[in-house]
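To start, the structure under review is shown below, and the notes come after it.
The values are calculated or read from the model by the stated rules, or taken from the named source; none is laboratory data. These figures come from a predicted structure and were not determined experimentally. Cβ atoms come from the backbone with ideal geometry, glycine included; neighbour counts cover every protein chain shown.
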Amino acid sequence: MMPQPARLLTGLALLSAVAVICGMPFWFAGAGLQAYFTSDDTMNLYGYWAKPWRDLLIANVACWSPFYRPLGGLFYRSMFALFGFHPFPFRVACFALFLINLALLYATARKLTGSREVGLLTALIGSYHAGFEDFYYNTGMIYDLLCFSFYAGALLLYAHARREGRRLRWPHAVGIVVLYACALNSKEMAVTLPAAVLLYELIYHRPRFTKGDLWRWLVGEARLAWLLAAMTVPFLSGKLSQASAFWGVSDYKLHVSLARYLGTYAHYLNNAFYQRSPWFTPARVLLLWGAMLLIAALSRRKALRFSFFFVLLSVLPVIFITPRGGISVLYVPCLGWSLYAATLLVWVRDGAGAALVRRAPRLAVSAITFAAAAVGLFCVHRSNTFPALVDPMLRHTAEEIHRLAPELPAKSRVLFLDDPFDKDDWSPLFLIRLGYGDKTIEVARVKRMSRRPNPDEIRSYNLVLTYQNNRLVRAEPATPP
């Protein structure tokens, strides 16, 4: 049994590591707690709010339906029902979920490596990145946050259930199926979980490749992977159908080719490594992966092999769509990248300083390694963190509307003679109806009319607003002579 002083030191070191890991996102992006809704938020929230609760609940059970990300919808709708059109509770929930995901990142890494140290380093590496800016300032990333939670949760439960080669019991299987359904209902990127489960089996419980043993493995240990894959087929059919929100959207059109895969991955790696001018090319991406695979093979560490192949497959199929800014697409693959880096760091340290590691107390070696990694990451992130790109227009507009009209009766009619939004932007409608919590309010904009209304028509509205000198003001029609 560990002596009392050693237990105290271990507990103190653990608490310090957790504080650093949890403090990273708040230190660099804590202002995200005060962020307002984005245009994506208002569109998403209004879209779910306009639908009956019944449709939303059914869509979360029928994960094969074309309904747009119903679990994210359940989040939006529930938060709006509890807190109304106020962004702070939404932001608190997103940050809380981000911290939960760091805990899952730690637990999954520890389960895959059997090392608390690697788990903590994995969580540290994944705790903050400027390329994840949207996660800190945009509630619209709730889909990715939820997807990671259930994806990592399912993978963690599977690894726990199969520890030491134990057979998968049906309660674990049911739990994994439910978690996978929730991940699918959160975001489409979850479709790679069956491949991740199969990858885990091949690396951690590799079958004998004789005819009889392979068949028993395919219908035995690998059967849950096939079940999850079977769930994926109707899910993809629904998301690719004409009833889906993705139908006909050019940015979501798949361009499947090796060149597209390598080119898009190079784009995201340049952002991930803070390359202001592109350094990664498809050829350099292949060289990087070749080096990673060689290291994984030489180290003989299962975690390095698993994380290497995980970073290759977990980006599917989104790697084939139009590249986005930042690295939000790498949020689920971050599990693999962080795990690989942490495992590699410990392996290199143990190999390069074998004599020191054997002589020094293990806690001291681990604490120094963690502290050095934390300082290094802090310096890198501090020199590459950019000001948050937050558009204040929605906040200012919503505040001006409620200043000019603290209350609006049901079925009121509101007219914007002019406003700061583009003609095809529905933000004025969303802000009015969500802000007053009333779907019956009519919102008209001159920008979308074929002609300007006459004074009598303008007087028929309960509230008439226009945009002057960069602010909204009440407008009154001219009195006829």
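For A266, indicate whether it is in contact with a Ser or Thr (Cβ under 8 Å, 6 or more places away or on another chain), within 30 Å of V348 (Cα to Cα), crowded, with 18+ Cβ neighbours inside 10 Å and at pLDDT 90 or above. Answer is yes for this residue. A single member of I321, I327 is in contact with a Leu (Cβ under 8 Å, 6 or more places away or on another chain) and either under 26 Å from F150 (Cα atoms) or surrounded by fewer than 18 Cβ atoms within 10 Å (Cβ to Cβ) (or both), and it is I321. Looking across the stretch 246-279 at every residue that is among the hydrophobic types (A, V, I, L, M, F, W, C) and closer than 20 Å to W337 by Cβ, the one that is nearest to the chain's Cα centre (by Cα) is identified as A272. Reported count of residues in the stretch 212-230, each being surrounded by 18 or more Cβ atoms within 10 Å (Cβ to Cβ) and either part of a helix (DSSP H, G or I) or at pLDDT 95 or above (or both), is 4.
Among the residues making up the stretch 458-469, those that are part of a loop (DSSP other than H, G, I, E, B) and either in contact (Cβ under 8 Å) with a residue 12 or more places away in the chain or touching a strand residue (DSSP E or B) at 6+ places or on another chain (Cβ under 7 Å) (or both) are S460, Y461, N462. Tell me yes or no: at least one residue of the stretch 402-418 is assigned to a loop (DSSP other than H, G, I, E, B) and under 30 Å from L15 (Cα atoms). No, the conditions are met nowhere in the stretch 402-418. Remark: Y68 matches the filter, which requires a residue to be in the same structural domain as L236 (by TED's automatic domain parsing) and assigned to a loop (DSSP other than H, G, I, E, B). Scan the stretch 184-200 and tell me whether some residue there is in the same structural domain as L224 (by TED's automatic domain parsing), in contact (Cβ under 8 Å) with a residue 40 or more places away in the chain and surrounded by fewer than 16 Cβ atoms within 10 Å (Cβ to Cβ). Within the stretch 184-200 (the criterion being in the same structural domain as L224 (by TED's automatic domain parsing), in contact (Cβ under 8 Å) with a residue 40 or more places away in the chain and surrounded by fewer than 16 Cβ atoms within 10 Å (Cβ to Cβ)), the answer is no, since none of the residues qualifies. For the stretch 291-309, give me each residue that is more than 15 Å from G336 (Cβ to Cβ) and either in contact with a His (Cβ under 9 Å, 6 or more places away or on another chain) or not in a loop (DSSP other than H, G, I, E, B) (or both). Selection gives A291, L294, A297, L298, S299. Residues that are loosely packed, with under 11 Cβ neighbours inside 10 Å and of a type in the set (D, E) were ranked within the stretch 361-418; the one that is nearest to E117 (Cα to Cα) is D391. Evaluation of L312 against the conditions (1) touching a Gly at 6+ places or on another chain (Cβ under 9 Å); (2) free of Cβ contacts under 8 Å to residues at least 40 places away in the same chain; (3) in a loop (DSSP other than H, G, I, E, B) shows that the sole unmet condition is (3). If only residues of the stretch 269-290 that are on the phi < 0 side of the Ramachandran plot and not in a helix (DSSP H, G or I) are counted, the one that is surrounded by the fewest Cβ atoms within 10 Å (Cβ to Cβ) is S277. With the structure loaded, tell me whether L316 is at pLDDT below 95, aliphatic (A, V, I, L, M) and closer than 22 Å to V332 by Cβ or whether it fails that test. Yes. All of (1) in contact (Cβ under 8 Å) with a residue 60 or more places away in the chain; (2) more than 30 Å from S127 (Cα to Cα); (3) buried (at least 18 other Cβ atoms within 10 Å of the Cβ) hold for S237 with one exception: (3).
Within the stretch 155-168, not a single residue is without any contact (Cβ under 8 Å) to a residue 40 or more places away in the chain, crowded, with 22+ Cβ neighbours inside 10 Å, of a type in the set (G, A, S) and in a helix (DSSP H, G or I). For F85, state whether it is aromatic (F, W, Y) and under 20 Å from L184 (Cα atoms). No, not satisfied.
Scanning the stretch 202-211 for residues that are under 26 Å from A183 (Cβ atoms) and assigned to a helix (DSSP H, G or I) yields L202, I203, Y204. Each residue in the stretch 427-457 was checked for being in a loop (DSSP other than H, G, I, E, B) and surrounded by 16 or more Cβ atoms within 10 Å (Cβ to Cβ), and 2 pass.
Based on this model, can you work out whether C63 counts as under 30 Å from L228 (Cα atoms) and in a helix (DSSP H, G or I)? Judged against the criteria, C63 is not a match. Taken together, S127, S39, S78 contain a single residue that is polar (S, T, N, Q) and modelled with pLDDT under 95, which is S39. When the stretch 169-183 is filtered for residues that are within 24 Å of L97 (Cβ to Cβ), in contact (Cβ under 8 Å) with a residue 40 or more places away in the chain and crowded, with 16+ Cβ neighbours inside 10 Å, the ones remaining, listed by number, are I176, Y180, A181, C182. Only one of the listed residues (K51, K111) is over 21 Å from the mean Cα position of the chain (by Cα) and either outside the structural domain of R362 (by TED's automatic domain parsing) or in a loop (DSSP other than H, G, I, E, B) (or both). That residue is K51. Being free of Cβ contacts under 8 Å to residues at least 60 places away in the same chain and of a type in the set (G, A, S) is a property that A81 has. The number of residues in the stretch 244-259 being exposed (fewer than 11 other Cβ atoms within 10 Å of the Cβ), in a helix (DSSP H, G or I) and modelled with pLDDT under 90 comes to 2.
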